[in-house]
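Undergrad: Once you've had a glance at the structure underneath, I'll fire off some questions.
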Amino acid sequence: MNAGAWSGLQELDRLAAGHSWLHRLDPLVKLLLGLGFAVAVVSVPKYALPSLAPLLMVPVLMAALAGFEPLPLLARAWPAAGVALMLGAFNPLLDPQRVDVAGCQVSAGWLSLAVMLAKALLVAGMALVLVASSGFARLADSLGSLGAPHIFVQQLQLLWRYAGLLAEESDRLKRARDLRDPLARARGPRLAARLIGGLLARSLARAERIHQAMLCRGFRGSLPGAALRPWGPQDWAALAGGCGLIGACRFLPLVPWAQQALERIQP
Amino acid sequence: MHMSDALLSLPVAGAFLAISTAALAFSAKQAASDPRAQPARMGVLGAFVFAAQMINFSIPGTGSSGHFAGGTLLALLIGPWAGALVIASVLAVQALFFADGGLLAWGANVFNMGLIGCLVAVPLVYRGLAGPAPSKRRRRAAIMAASLTACVGGALAVTLQTTASGLTDLPFNRFALLMIPVHAAIGVAEGLITIAVLEQLPAWAQDQGAPQPREGRRVAGVALTALVVAGLVSWLASARPDGLEYSVARMGVEPASLRGGLNQRLRQWQSQHALLPNYDFKPTPVASSGVASAMAGAAPAQPWPKVNAGTSVAGLGGAVVVALLALGLGGLASWWARRRARA
Amino acid sequence: MSHHRLVFDRVSYRYPDGTLALDGLSFELHHGDSVGLVGANGSGKSTLLSHLNGLLLPSQGSVSVGDLPVGPGTLAQVRQHVGLVFQDPDDQLFMPTALEDVAFGPRNQGMTQAQAEAAAMEALRSVGAEALAARPPQHLSLGQRSAVAIAAVLAGCPDFLALDEPAARLDPRARRRLITLLHGFKHSKLVASHDLDLVLELCPRVLVLKEGRLLADGDSRRLLSDPDLMQAAGLELPLSVSPRGMGAGPVI
């Protein structure tokens, strides 16, 4: 991750300033739908690739409702495939079962690998739509209304506030190292430790100043939480509709139906 | 390494989500009365973890690039409870924005990278080895030991979670053999950097994590005992079927309450989804020894006691899970009570 | 009114490592004063400011705000009367939006959410930043952040306003806006700055600090035009009074 990635993140947060119907929903609704979606995806058994296909509808629909371009979001979700690929890559080699795909006999491991990759991308994509249509700060507040301890919500807010600033400092340190070391000779852990140590000292000093600023304005031990407005009918409707959609995509045999329809059209 | 939703089954993900949220609720309660847990400090240190992870370096001899994780450092600077909360917050941002770790897998990631490091490695291993006022050399050794515990423990947890979920076909022993040495090396690098970073701070700032000695010893005692007991007992107990099932099978008659379609389905479900089926991951050979044949009438023929590395590890894993679950349930109960009082 | 009198009485401060940062400082600020604080780096300006509201407590001597001596038991009250604006607005803006930041002080003073937000909007209006209310601080420019930070301190309705290098990172236009803004405030002000021209414009009176001691306390035009004093303090003449400002060579 570099500072460029960090500013990409800020771009994502700026998307939250939209005015679509999805944006206007309470972030808690979207968070619950995101979790429900994750449960639906994770519940798909090892080889059941057809069960995953309908679930793609959910993040795509949400992104469309929010007015987002689907491809850039999907590109951001790509890193999720990394770990799944790393560990799942052994499946085609180790799985002894065979499966018939389009006339060829391939290891069932390819199927389970595909399922893993699809799961990773689906959940990551959904998470991005969730965050881009809510904004991190409001999402953190909605965690509080879900019952998360206030100190944790506060932590998320402060982390979000200062991560960009410290990422810039870190980027400057890294650039200073790289510019004076064009042959990349000083990239070992020892120098990195010195840079990190410097960053830590500066961070602790900044933390102290922030704490003093809080004290100057009457800080009493914790920051005030945001006022949360109660849910309106559109929030309930969205929650019900979203759960219904996720349930339908997960449990209705949509792919066999589609296959039957195809066979009827093209016998 | 961040766990992904793609690697976990629903029961495993759910279990670790429950454990982690309970542990964090408990940590929040502890941190509320801890003067080291200043919001400004916690927030900035969380941001620091992000920023520090951007400073990559090449690991000498391997040519691959590594980065600093920082869990041990955090627990040393702001104490274990605040440290766990900070790591959990960093992981939440990573899960949402960087597609680094899934949504349900956040629970497992908090466990692997936050709870083990902040609630086990530092309070038990570091405190246990360093004592109240360690010399420089002793503290360095203790930090190294804690880093190793955190990294290897995390790697072990990842291995257990992945294997228990059954979505990858990697066999446990081979997977573990691959993960653990690599993460031991990472733990050494992490320990060295933690030491170097810490020692750049003025002396008074270097170790803020000291709990009351009495509390540390008591918790350490309980934890160590649980681990040892789990290790020994799992060796002895695993040859026989679970006690209740054994006695029921002995009776030859299934009590009426065990019949019925729902129970059949539940038992089917349980055997399909049991976290650690048969408390082992390796298929064990059925040995025919004198002891085994003497017990053949009552139980399936298996060697007894089961001297099996896989069993002990699984038993340990189970013990740790149970211990944390117990801690978590207590925290959960108090959090629930507070929430009702607030409403 | 008794709160509008801030008194430093032979204040000395020694850091934990032994350095003497302030040495026997004595001065008074009264209602409506607009006072500059100048001195070289390390002269003790920031340390002095930290004593105004009890962030640091004197090793010797005393500070009092009206009838209140500044001490461990009176910090909360003192901080309601003395507002301190830090050098770096990022250190002061820690809430998710500008409005919540500015409302932080009033909330801690006991106002309800609605009252605090009303007070915050009023403060934002007074610095011309009401359009920024819903924006996160990290999305604001440096000049905007400086303005919001000042609003955040003003919202608590302090009697004294102390500012540490308020124009340090501002571009010329933002700096001009800040000077205009501060001109319009009727609060008693103490402005610590390296920007001697800003001090000349805003503050009829100036305190000159050197190595923790008060070198001079008086009319700013007279003191800041005194080359020997400026040299002794490790400073130089402000551009607006130095011949250099009119194209001549170096003065000191």
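Undergrad: Calculated from DSSP H runs of 4 or more alone, at -39500 (n - 2.57) each and per residue, what is the 222 nm mean residue ellipticity of chain C, nearest 500?
TA: The helix contribution divided over chain C gives -10000 deg cm²/dmol.
Undergrad: Same structure again: Which of C:57, C:140, C:198 moves the most in a Gaussian network model of chain C with Cα springs under 10 Å?
TA: Result for chain C, Cα springs under 10 Å: C:140 fluctuates most.
Undergrad: Taking every alpha carbon pair in the range C:107-252, what does the distance histogram look like in 5 angstrom bins from 0, in percent?
TA: 2, 9, 16, 18, 16, 13, 10, 8, 5, 2, 1, 0
Undergrad: Rounded to whole Å, give me the distance from the Cα center of the range C:217-232 to that of the range B:29-99.
TA: A separation of 50 Å, based on Cα centres.
Undergrad: Follow-up question, since we're still on this one. Treating the angle as unsigned and between 0 and 90°, give the value, to the nearest 10°, between the Cα long axis of helix A:136-145 and the longest Cα principal axis of chain A.
TA: 80 degrees
Undergrad: Between residue A:201 and residue A:99, what FRET efficiency comes out of the Förster formula 1/(1 + (r/R0)^6) with R0 = 60 Å and r the beta carbon distance, rounded to 0.05?
TA: Taking R0 as 60 Å, the efficiency between residue A:99 and residue A:201 is 0.55.
Undergrad: Sticking with this one: What distance in nm lies between label points placed 7 Å from Cα along the C-beta direction at residue A:10 and residue B:178?
TA: With each label point 7 Å from Cα toward Cβ, the separation is 4.0 nm.
Undergrad: With unit charges on the beta carbons (Lys and Arg positive, Asp and Glu negative) and the dipole taken about the Cα centre of the range A:1-128, which residue among A:70, A:115, A:37 sits farthest to the positive side?
TA: With unit charges placed on the Cβ atoms, the residue in question is A:37.
Undergrad: Which cross-chain or sequence-distant (5 or more) residues have an amide H under 5 Å from the amide H of residue C:135, H modelled 1.01 Å from N in plane?
TA: Counting only residues 5 or more places away or on other chains, the set is C:98, C:99.
Undergrad: Then there's this: Tilt of helix C:142-154 relative to the longest C-alpha principal axis of chain C, in degrees (0 to 90, nearest 10)?
TA: 70 degrees
Undergrad: Among A:61, A:139, A:93, which one shows the highest mean-square fluctuation when chain A is modelled as a Gaussian network with alpha-carbon springs under 10 Å?
TA: Between A:61, A:139, A:93, it is A:93 that shows the largest mean-square fluctuation.
Undergrad: For chain C, just say rounded, prolate or oblate: build the C-alpha gyration tensor, square-root its eigenvalues into a ≥ b ≥ c, call rounded for a/c under 1.5, and beyond that prolate if a/b exceeds b/c, oblate if not.
TA: oblate
Undergrad: Could you derive backbone 3J(HN,Hα) for the range B:152-166 from the dihedral phi with the Karplus parameters 6.51, -1.76 and 1.60 (θ = phi - 60°), listing whole Hz in sequence and x where the residue is Gly or Pro?
TA: 5, x, x, 5, 4, 4, 4, 4, 4, 5, 5, 5, 5, 6, x
Undergrad: Sticking with this one: With each run of n ≥ 4 DSSP H residues scored as -39500 (n - 2.57), what mean residue ellipticity at 222 nm is computed for chain A after dividing by its residue count and rounding to the nearest 500 deg cm²/dmol?
TA: Result for chain A, helices only: -23000 deg cm²/dmol.
Undergrad: Now a separate question. Select from C:41, C:80, C:132 the residue farthest towards the positive end of the dipole of the range C:5-232; place +1 on Cβ of Lys and Arg, -1 on Cβ of Asp and Glu, and compute about the Cα centre.
TA: The one lying farthest along the dipole's positive direction is C:132.
Undergrad: OK, next. Each residue of the range A:182-194 in order: what ³J(HN,Hα) in whole Hz does its phi give by Karplus 6.51 cos²θ - 1.76 cosθ + 1.60, θ = phi - 60°, with x for Gly and Pro?
TA: These are the phi-based 3J(HN,Hα) values: x, 8, 6, 8, 10, 9, x, x, 5, 5, 4, 4, 5 Hz.
Undergrad: Specify the inter-centroid distance of the range A:215-265 and the range A:46-90, based on alpha-carbon positions, in whole Å.
TA: 17 Å
Undergrad: Something else about it: Long-range amide H contacts for residue C:209: which residues qualify at under 5 Å (H placed 1.01 Å from N, peptide plane, sequence gap of 5 or more or a different chain)?
TA: C:38, C:39, C:215
Undergrad: Spelling out what I want: for every residue of the range B:167-180, take phi, set θ = phi - 60°, compute 6.51 cos²θ - 1.76 cosθ + 1.60 (Karplus), and round to whole Hz; glycine and proline get x.
TA: 8, 9, 9, 5, x, 4, 5, 5, 4, 4, 4, 7, 6, 5
Undergrad: Answer with one residue from A:47, A:146, A:59: the one whose Cα lies farthest towards the positive end of the charge dipole of chain A, charges on Cβ with Lys, Arg +1 and Asp, Glu -1.
TA: About the Cα centre, the residue reaching furthest to the positive side is A:146.
Undergrad: Then there's this: Sequence gap at least 6, Cα distance under 8 Å: using those rules, report the relative contact order of chain C to the nearest whole percent.
TA: Result for chain C is 24 percent.
Undergrad: Any of C:186/C:210; C:45/C:186; A:119/B:29 with alpha carbons more than 27 Å apart? Name them for me.
TA: Working: C:186/C:210 29 Å; C:45/C:186 23 Å; A:119/B:29 35 Å.
Beyond 27 Å between Cα atoms: C:186/C:210; A:119/B:29.
Undergrad: Right, something else. Relative to the longest principal Cα axis of chain A, at what angle does helix A:254-265 sit, 0 to 90 degrees, rounded to 10?
TA: With rounding to tens, the tilt is 40 degrees.
Undergrad: Expressed in nm², what is the orientationally averaged projection area of the convex hull enclosing the Cα positions of the range A:125-267?
TA: Projected area, direction-averaged: 17.2 nm².
Undergrad: With contacts defined as alpha carbon pairs under 8 Å and 6 or more residues apart, what's the relative contact order of the range B:144-205 in percent? Intermediate results must be reported in sequence, preceding the final value.
TA: Working: 40 pairs, mean separation 31.0, N = 62.
Rounded, it is 50 percent for the range B:144-205.
Undergrad: Under 10 Å, Cα contacts only: if you run a Gaussian network model on chain A, which one of A:208, A:69, A:11 comes out with the highest mean-square fluctuation?
TA: It is A:208.
Undergrad: Could you tally the net charge around residue C:86, taking each other residue with its Cβ under 10 Å from the Cβ of residue C:86, Lys/Arg +1 and Asp/Glu -1?
TA: Numbers: positive: A:209; negative: C:88, C:90, C:91, C:164, C:165.
Value of the local net charge: -4.
Undergrad: Got the relative contact order for the range C:75-201 handy, in percent, Cα pairs under 8 Å and 6 or more residues apart?
TA: On the way: 191 pairs, mean separation 40.5, N = 127.
Contact order relative to length: 32 percent.
Undergrad: Okay, next question. Report the charge-dipole magnitude of chain A in Debye, nearest 20, computed about the Cα centre from +1 at each Lys and Arg Cβ and -1 at each Asp and Glu Cβ.
TA: With Lys and Arg at +1 and Asp and Glu at -1, about 1040 debye.
Undergrad: Assign unit charges at the C-beta atoms only (+1 for Lys and Arg, -1 for Asp and Glu), then state the dipole size of the range C:117-170 relative to its Cα centre in Debye, rounded to the nearest 20.
TA: So the dipole magnitude of the range C:117-170 works out to roughly 240 debye.
Undergrad: Can you give me the long-range amide H partners of residue C:85? Hydrogens built in the peptide plane at 1.01 Å from N, cutoff under 5 Å, separation of 5 or more residues or another chain.
TA: Distant-sequence amide H within range of residue C:85: C:162, C:163, C:164.
Undergrad: Another one. For the range C:41-107, I need the span (max minus min coordinate) of the C-alpha atoms along each principal axis, in Å, sorted largest to smallest.
TA: Largest to smallest, the principal-axis extents are 40, 32, 16 Å.
Undergrad: Would you work out the charge dipole size for the range A:128-215 about its Cα centre, treating the Cβ of every Lys and Arg as +1 and the Cβ of every Asp and Glu as -1, and quote it to the nearest 20 debye?
TA: 520 debye
Readers should treat all values here as calculations from the given coordinates under stated rules, not as data from a laboratory. In this text the structure is predicted, and so the values were computed from the model without any measurement. Ideal geometry is used to build each Cβ from the backbone, glycine not excepted, and the neighbour counts take in all protein chains shown.
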